[in-house]
1. Quick check, is residue A:327 loosely packed, with under 14 Cβ neighbours inside 10 Å and assigned to a helix (DSSP H, G or I)?
2. Taking the conditions exactly as written (among the small types (Gly, Ala, Ser) and outside any helix (DSSP H, G or I)), does residue A:192 satisfy them or not?
3. Please state which one of B:118, B:156, B:149 is more than 10 Å from every other protein chain (Cβ to nearest Cβ) and in a loop (DSSP other than H, G, I, E, B).
4. Any residue in the range B:87-106 that is within 17 Å of residue B:121 (Cα to Cα) sitting within a Cβ distance under 8 Å of a residue that is among the polar types (S, T, N, Q) and part of a helix (DSSP H, G or I)? List the pairs, counting only those 6 or more apart or interchain.
5. For residues that are surrounded by fewer than 19 Cβ atoms within 10 Å (Cβ to Cβ) and in contact (Cβ under 8 Å) with a residue 24 or more places away in the chain, scanning just the range A:14-47, find the one that is farthest from residue A:244 (Cα to Cα).
6. Can you tell which of A:262, A:253 is modelled with pLDDT of 95 or more and either out of contact with any Pro (no Cβ under 7 Å at 6 or more places or on another chain) or farther than 30 Å from residue A:123 by Cβ (or both)?
7. (1) at pLDDT below 95; (2) in a helix (DSSP H, G or I); (3) within 14 Å of chain B (Cβ to nearest Cβ): which one isn't true of residue A:185, the others all being true?
8. Out of everything in the range B:33-55 that is more than 12 Å from chain A (Cβ to nearest Cβ) and without any contact (Cβ under 8 Å) to a residue 40 or more places away in the chain, what residue ends up being nearest to the chain's Cα centre (by Cα)?
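The values are calculated or read from the model by the stated rules, or taken from the named source; none is laboratory data. The structure displayed is predicted, hence computed values, not measured ones. Using ideal geometry, Cβ is built from the backbone for each residue, glycine included, and neighbour counts are taken over all protein chains shown.
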Amino acid sequence: MDANTWWVLIGTALLGLSSGVLGCFAFLRKQGLMGDVLAHAALPGICLAFMITGAKNSFLFLIGAAITGILGSLCINWITRYSRIKEDTALGLILSVFFGLGIVLLTQIQHSNNGNQSGLDKFLFGQSASMVASDVQWMAIMAGLLLLMSFLLFKELKLLCFDASYGQSLGFSMRGLNLLFMTFLVIVVVIGLQVAGVVLMAALIVTPAAAARYWTEQLSTMVWISAVMGACSGVIGTWISSFGYNLSTGPLIVLAATMMFIISMMVAPQRGLLSRLVRLMKTRRELAREQHINSIYTYMEKEQVLKVSLLDLQTQYPISTHVLSQLKEEGLIHMEEDHQDIWIGFTETGWKAAYDTVLTNRMLEMWLMHEADLASKLPNGEIVSKDSIPEHLVPELQKLMIQHQCEPKWNPYDSNQRMKERVVSP
Amino acid sequence: MFAPVSIRNLSVAYHRKPVLRDIDYDAPEGELIGIIGPNGAGKSTLIKAILGLLPLASGEVKIYGKPYKEQRHLVGYVPQRESVDWDFPTHALDVVLMGRYGKLGWFRRPKAEDREFALECLQKVGMESFAKRQISQLSGGQQQRVFLARALAQDAQIYLMDEPFVGVDAATEKAIIQILNELKQQKKTVLVVHHDLQTVTEYFDSILLINMCKIAAGPTREVFHADHLQKTYGGRLTVLPETSNMIVTR
């Protein structure tokens with residue numbers, strides 16, 4: 001790699017880092033599109049800065065872009081506040097109006113005689129290969145400033161994202177903080193314009209944050225992951241474009257970030273699609289299993305039989321033979337086939353499992369019926385669920401079951417109960 | 001002697017529609033006070049106006065005789081539970097810790113003693129075992145307790161609570177009312193936006209009835225009667241005869 005590529009690499013990594021950090025806050029404030037608006041609104045500012053000064057100076061561009069960018073975000077605030085137009089429409093309006101203005105000015109510049117003009121249009125799609133050492137130094141200063149401010153204002157930004165009006169009541173000026181945050185976003189957008197361009201900049205803000213959200217439930221960790229992902233996509237994009245196939249860096253960076261997002265969405269341990277699918281299947285399987293055990297037990301209890309015919313059972317409950325064979329494999333039931341029907345009975349372990357399941361379900365029913373009366377007996381914060389019925393509630397619930405005549409009649413743990421004697425054979 | 005919260009000629013308007021008109025009220029110190037009124041009566045707006053979260057069309061609010069800006073360290077706030085996105089990447093203790101932010105001020109980070117204090121507040125609401133639980137994994141009642149603990153972490157003299165009993169389980173409702181009574185014993189003043197008329201006499205020492213303007217205010221047993229309720233709820237309270245009987249028999 002030549003020296004210039006190294007500069008580009010550092011520049012894109014810094015960009016990814018800072019857009020990843022700020023993107024987290026924008027993402028959590030549900031302002032993902034704001035980056036897009038700011039990027040588009042920056043274009044007229046850059047053009048105006050060039051037209052007024054006639055110089056191609058990154059710092060002046062930043063000032064121009066910041067002014068129109070903040071103006072754009074203020075317009076959105078005004079529109080949503082003082083008219084009946086909702087935020088989505090306001091975003092669309094401002095984005096296209098400012099971008100339109102920018103294009104008009106850009107065309108104007110390109111048709112003028114100013115010899116310096118070439119190069120402004122690179123802001124449309126970005127052209128990171130043109131970055132030189134001074135650009136990168138300037139980017140590094142800005143990125144460093146942004147990271148430092150995000151670090152110092154971390155708790156305030158967290159308040160802004162989670163509960164702004166509470167933050168206001170504590171005495172933090174949320175309007176001021178919002179304006180400051182918008183300025184941060186404008187800065188990162190302006191840094192990014194040279195690399196990714198107006199059109200793709202928004203992706204660098206939203207994508208790493210959205211990907212990072214899949215991996216963690218802690219804001220600070222999310223910010224770290226997003227920063228690393230942003231920096232990595234910058235590096236990967238630049239690296240691939242350095243192979244010399246004439247692929248432009250900005251889009252490659254965006255594609256790299258998108259790949260990371262897709263991978264995160266699929267395989268992240270808690271929130272990822274795959275693990276959610278696995279959990280869903282597991283829950284469904286357990287639910288079906290439980291419902292079958294419950295049905296068989298209840299039927300036997302009601303009809304006073306120890307063996308039940310599948311056909312009879314199916315007239316009253318939705319029974320799947322697939323789940324039954326699963327129960328058989330688990331050794332909970334045995335099935336005997338005769339010429340036209342299947343007879344189902346519980347095994348020794350099956351009886352115990354069935355009794356436990358039915359007991360839990362009915363205790364839970366009692367809890368739901370009498371929650372208001374029993375709640376005071378529950379220690380603070382404890383939860384009654386299928387998996388945990390607090391021990392000291394059990395006697396109360398048992399009393400209630402007897403009262404409602406729904407206690408499970410056949411208790412395999414009770415040696416005094418001799419089930420067989422009470423059974424009328426089918 | 002100044003009232004903990006003193007409201008003079010307060011009016012609030014959204015766009016052109018007035019939401020609160022000419023409210024005059026002095027909250028009695030050390031009491032549990034219910035702010036009662038129908039939906040859209042401006043109860044939450046009143047709380048937000050006290051906290052300076054909304055521009056006032058006219059009037060003023062004083063906290064112990066001084067503007068809110070100078071006294072905010074004395075005021076704790078429990079917003080409506082639905083007002084935030086609970087799928088935020090954070091855990092219960094972290095939310096409670098936000099109650100310490102006001103005392104910390106800009107830039108300074110919470111220290112170990114802030115964490116300890118926050119944990120104590122979680123303990124008070126019976127949630128210490130959920131400290132590291134992701135907030136979206138909490139039930140509605142538990143989320144409400146976390147919000148209450150956050151306000152406790154503010155260590156205030158006056159607490160403003162917006163519908164703390166909405167959508168919570170019976171156990172949480174009992175736990176919250178127990179904490180409110182403890183606050184009262186510590187001579188703190190608690191204003192609670194509430195709309196369950198059945199529990200008003202049981203929970204509150206005094207009430208403020210509003211429906212855009214103040215209907216009545218004072219000790220619950222003097223103010224909470226059919227006549228005032230009729231004025232507050234107008235035709236909207238269709239069960240009024242039975243409810244008022246119930247109130248009288250209590």
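1. Working: loosely packed, with under 14 Cβ neighbours inside 10 Å: no; assigned to a helix (DSSP H, G or I): yes.
No: the conditions fail for residue A:327.
2. Numbers: among the small types (Gly, Ala, Ser): yes; outside any helix (DSSP H, G or I): no.
No; evaluated as a whole, the condition is false for this residue.
3. Values: B:118 fails: in a loop (DSSP other than H, G, I, E, B); B:149 fails: in a loop (DSSP other than H, G, I, E, B).
On inspection, the qualifying residue turns out to be B:156.
4. B:92/B:142
5. At the first step, the residues of the range A:14-47 found to be surrounded by fewer than 19 Cβ atoms within 10 Å (Cβ to Cβ) are A:29-30, A:32-33.
Imposing the further condition that a residue be in contact (Cβ under 8 Å) with a residue 24 or more places away in the chain reduces the set to A:29, A:32-33.
Details: A:29: 39, A:32: 33, A:33: 33 Å.
Restricting to residues being surrounded by fewer than 19 Cβ atoms within 10 Å (Cβ to Cβ) and in contact (Cβ under 8 Å) with a residue 24 or more places away in the chain, the top hit is A:29.
6. Every option except A:262 fails the conditions.
7. Unmet condition: (3).
8. First, pick out the residues of the range B:33-55 that are more than 12 Å from chain A (Cβ to nearest Cβ): B:33-43, B:45-46.
Narrowing further to those that are without any contact (Cβ under 8 Å) to a residue 40 or more places away in the chain: B:40, B:45.
Numbers: B:40: 16, B:45: 12 Å.
Taking the candidates together, the pick is B:45.
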